[in-house]
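A short worksheet on the structure shown next.
The values are calculated or read from the model by the stated rules, or taken from the named source; none is laboratory data. Everything quoted here is computed from the prediction, not taken from an experiment. All Cβ positions, even for glycine, are placed from backbone atoms using ideal geometry, and neighbour counts span all protein chains on display. The accessibility values were calculated without ligands, DNA or RNA, using every heavy atom of the protein model including side chains. Shrake-Rupley method; radii C 1.70, N 1.55, O 1.52, S 1.80 Å.
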Amino acid sequence: MKRYAFLSMVTFALFGCGGSDGGSDSSAQAAPSAIEGTIDSVSATTVTVNGYTYQATSASFKGQTFDQDMLTLEPNMMVKVSNQSRATNSSVELEPTFIGQIENINRLNSTFSIAGVNLKFPRLSTTIVNNDWVMVSSMPTANAGYKVLSVVKFLQDPLDGEMVAEGRVSALDMNSQSFKIGQSLTISFDPQIVEDKRTLADGMWVEVQGQYDESNGELISSRITIKTYNDFPNDGEIEGIVTWVAKDKSEFELNYRGRIAVRSTTEFDDGNKNNLIAGALVEVEIRNQGNAVYAKEIEFEDDFDFDIDWDKFEFEEEGFVTDIDSDTLSFTINGKAIVTDANTEYEHRIDFDNLSGECIEVEGIIIDGKRIAREISREDNCND
C-alpha cells in the first residue's frame, strides 16, 4: 500500500469528514465524539480510522511539536481521535506501544527488540536498521505478549533520548519501587511521577516514558500514565482485542485496560453474543453511566490472526478458599494458587478480606503461569 509523507508523531487538529464501512451511506453517519483504533489509510491531507475520515490541519504530541517530515504515517498505526464538539476542529493522538531504538534485527526470522523486549514483524522496512528510532503500534496477545501492527522510523531522536513503553503492570514492588510490563521489561519509578499521584497496582495498563539503562536492562521512568476507558467520552468507539469474557457474557475486558458491560440493549454487527470470546478483534461503541462503561454496539472483525489459542490462557475454578496471603493478594483453591489484581471484581457482597473458608467460583486468565482472578463469586455448595 502506498504511503504518504504526513505530519510527525502527533496530535492532529482535524474535523470529521464522515464515513463508516459496511456499505452504508457514510454521509448519514456522524463520526463518534472520540475514537481509538488503527489507521485504515492516509493521504496528503486526511487520515481514516475505523472507517471515519478526518482532515488534518496541524500536529502535536503531549505538548511537543515536531518537524513535518520527521515521521511517515501509514496504515495500522494506533491513534486516538477526539471530536467533542463535532462542529469544530478535533485532535488525534498517536497511541504507540513503543518508541525507542530498534536492536537485534533478524530479517530471516522477522524479529527485533526494543529495550530488551523481543518482538516480531514480518513487514519490517528494509530502510530500518539497528539503532534507528522507531514507533511501534501493537495490540496485546494472550500471556502478555504484543502483536505488532506497524513499525515506523523517525528521522531523528523524537524525545531527547527518552523512550516510551506500554504494558500491563506485574511484579510491583513498592519497596524497590519497580515493576515489570509485558513479560520482561523492568521499570524503576518514583511514586510522585505517576499521573494524578495515583497508586499503582498489579494489573493496571500503563504508558511509561523515561530513559532506558541498557547496562541494568531497566527503564528509569520520568512519567507514568495509567490508562483506562472510564474517562472515554460517551458515544466513543474503541477498537481492540477481547482479553477476557465473563462466563455469562455479561461483560468483557478490552486490551487488558478496562471492563465493558454487555446489556440486553447491546447491538451486535457481523456476529452475535456467542462470538464474544477472548482473542476476538472488535470495534465497540461505548457509553459511560456513573462509574460503569457499557457497550452500545459491538462489531466483530474477521481479518486478524494472532496465531495463538486464547483458550489455553483462561481458567475456572470452584472450591473452598485456603492459604490467603495479604502481601501477594493471593489465595488457594483445590491446591491451585490464585492471584488478584486491580481488575479483579467481587460479587455477592464479598471481598478479599473475607474470602477465608468461603465456597467460591473464580473466573480468570493465565499470564506468565499465574492464575489471575477476573471475577470472584460466592457459591452455595462446593464439591469436595
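Scan the range 364-371 and give yes if some residue there is touching a strand residue (DSSP E or B) at 6+ places or on another chain (Cβ under 8 Å), under 30 Å from Asn234 (Cα atoms), outside any strand (DSSP E or B) and not acidic (Asp, Glu), otherwise no.
Checked the range 364-371: no residue is touching a strand residue (DSSP E or B) at 6+ places or on another chain (Cβ under 8 Å), under 30 Å from Asn234 (Cα atoms), outside any strand (DSSP E or B) and not acidic (Asp, Glu).
Output the number of residues of the range 108-131 satisfying the condition of being more than 23 Å from Glu214 (Cα to Cα) and among the basic types (Lys, Arg).
Qualifying residue count for the region: 1.
Would you mind stating whether Arg198 is of a type in the set (D, E, K, R), at pLDDT 95 or above and in contact with a strand residue (DSSP E or B) (Cβ under 7 Å, 6 or more places away or on another chain)?
no
Across the range 265-285, what is the number of residues that are under 23 Å from Leu149 (Cβ atoms), out of contact with any Pro (no Cβ under 9 Å at 6 or more places or on another chain) and in a strand (DSSP E or B)?
5
Tally the residues that are among the hydrophobic types (A, V, I, L, M, F, W, C), closer than 16 Å to Gly369 by Cβ and in contact with an Asp or Glu (Cβ under 7 Å, 6 or more places away or on another chain), restricting the search to the range 339-353.
Within the range 339-353, residues that are among the hydrophobic types (A, V, I, L, M, F, W, C), closer than 16 Å to Gly369 by Cβ and in contact with an Asp or Glu (Cβ under 7 Å, 6 or more places away or on another chain) number 0.
Give the residues of the range 324-338 that are loosely packed, with under 12 Cβ neighbours inside 10 Å and either in a strand (DSSP E or B) or acidic (Asp, Glu) (or both), sorted by residue number.
Listed by number, the residues that qualify are Asp325, Asp327.
Give, as residue ranges, the strands (runs of 3 or more DSSP E) completely inside the range 62-138 that count at least 3 residues that are at pLDDT 70 or above and open to solvent by less than 10 Å² (accessible area, probe 1.4 Å). Please lay out each step first, then the result.
On the way: elements: 78-82, 90-94, 98-106, 111-114, 117-120.
Here the list reads 98-106, 111-114.
Residues in the range 297-309: is at least one outside any strand (DSSP E or B), modelled with pLDDT under 95, closer than 21 Å to Lys247 by Cβ and aromatic (Phe, Trp, Tyr)?
No: zero hits.
Being under 16 Å from Leu219 (Cα atoms), within 18 Å of the chain's Cα centre (by Cα) and open to solvent by 30 Å² or more (accessible area, probe 1.4 Å) is the filter here, so list the residues in the range 171-203 that pass it.
Across the range 171-203, the qualifying residues are Lys180, Gln183, Ser184.
Just to verify a result, which residue in the range 139-153, among those that are among the aliphatic types (A, V, I, L, M) and free of Cβ contacts under 8 Å to residues at least 60 places away in the same chain, is surrounded by the fewest Cβ atoms within 10 Å (Cβ to Cβ)?
Only one residue fits best here, namely Val148.
Scan the range 282-302 for residues that are in contact (Cβ under 8 Å) with a residue 12 or more places away in the chain and closer than 16 Å to Asp235 by Cβ and report the count. It would help to see each step written out before you state the result.
Narrowing the range 282-302 to residues in contact (Cβ under 8 Å) with a residue 12 or more places away in the chain: 282-288, 291-302.
Narrowing the set further to residues that are closer than 16 Å to Asp235 by Cβ leaves 283-288, 292-299.
The number of residues fulfilling the criteria is 14.
Among the residues that make up the range 250-263, is at least one of them within 30 Å of Phe352 (Cβ to Cβ), in a strand (DSSP E or B), of a type in the set (Ser, Thr, Tyr) and open to solvent by less than 60 Å² (accessible area, probe 1.4 Å)?
For the range 250-263, residues within 30 Å of Phe352 (Cβ to Cβ), in a strand (DSSP E or B), of a type in the set (Ser, Thr, Tyr) and open to solvent by less than 60 Å² (accessible area, probe 1.4 Å): absent.
Does Gln156 count as surrounded by fewer than 21 Cβ atoms within 10 Å (Cβ to Cβ) and touching a helix residue (DSSP H, G or I) at 6+ places or on another chain (Cβ under 9 Å)?
Working: surrounded by fewer than 21 Cβ atoms within 10 Å (Cβ to Cβ): yes; touching a helix residue (DSSP H, G or I) at 6+ places or on another chain (Cβ under 9 Å): no.
No: the conditions fail for Gln156.
Identify all residues within the range 279-330 that are of a type outside the set (A, V, I, L, M, F, W, C) and in contact with a helix residue (DSSP H, G or I) (Cβ under 7 Å, 6 or more places away or on another chain); write none if there are none.
Result: Gly279, single match.
Please tell me if Asp311 is closer than 19 Å to Pro140 by Cα, of a type in the set (D, E, K, R) and open to solvent by less than 70 Å² (accessible area, probe 1.4 Å).
Taking the combined requirement at face value, the residue does not satisfy it.
List the residue pairs whose Cβ atoms are under 8 Å apart, where the first residue sits in the range 191-213 and is on the phi > 0 side of the Ramachandran plot, the second is surrounded by fewer than 18 Cβ atoms within 10 Å (Cβ to Cβ) and not in a strand (DSSP E or B), and the two are 6 or more positions apart or on different chains.
That search, which allows pairs on different chains as well, returns Lys197/Pro191; Gly203/Ala342.
List the number of the failed condition for Phe268; all other conditions in (1) at pLDDT 95 or above; (2) open to solvent by less than 30 Å² (accessible area, probe 1.4 Å) hold.
(2)
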